[in-house]
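So the structure is just underneath, and the comments pick up after that.
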Amino acid sequence: MRGWVRQAEADAGDRDDRLTTAERDELKQLRKENAELKRANEILKAASVFFAQEIDRPRTRPSK
């Protein structure tokens, strides 16, 4: 119950030691977006390594 009261006080601007509900929601969304961007970057890094190896590989002509 005390937590709810403290949160209501923070939402009303009476407390500076806690995030408001809106700030908590925004922080949660930003953390989620950050995690998604990190995953996308890892995928892109892996793809760039793969394609760089394909470019560096010497090409051989098929024999007839």
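If you build the convex hull over the alpha carbons only and average its shadow over all orientations, what do you get for the chain? Give it in nm² to one decimal. Walk me through the numbers before you get to the answer.
On the way: hull surface 30.2 nm².
Here the figure is 7.5 nm², rounded to one decimal.
Angle check, please: helix 21-56 long axis (alpha carbons) against the longest principal axis of the chain (alpha carbons), in degrees 0 to 90, nearest 10.
Tilt of helix 21-56: around 10 degrees.
Any read-out appearing in this document is the output of simple, stated calculations on the displayed coordinates, not a laboratory observation. Please read these numbers as outputs of a predicted model, since none were measured by experiment.
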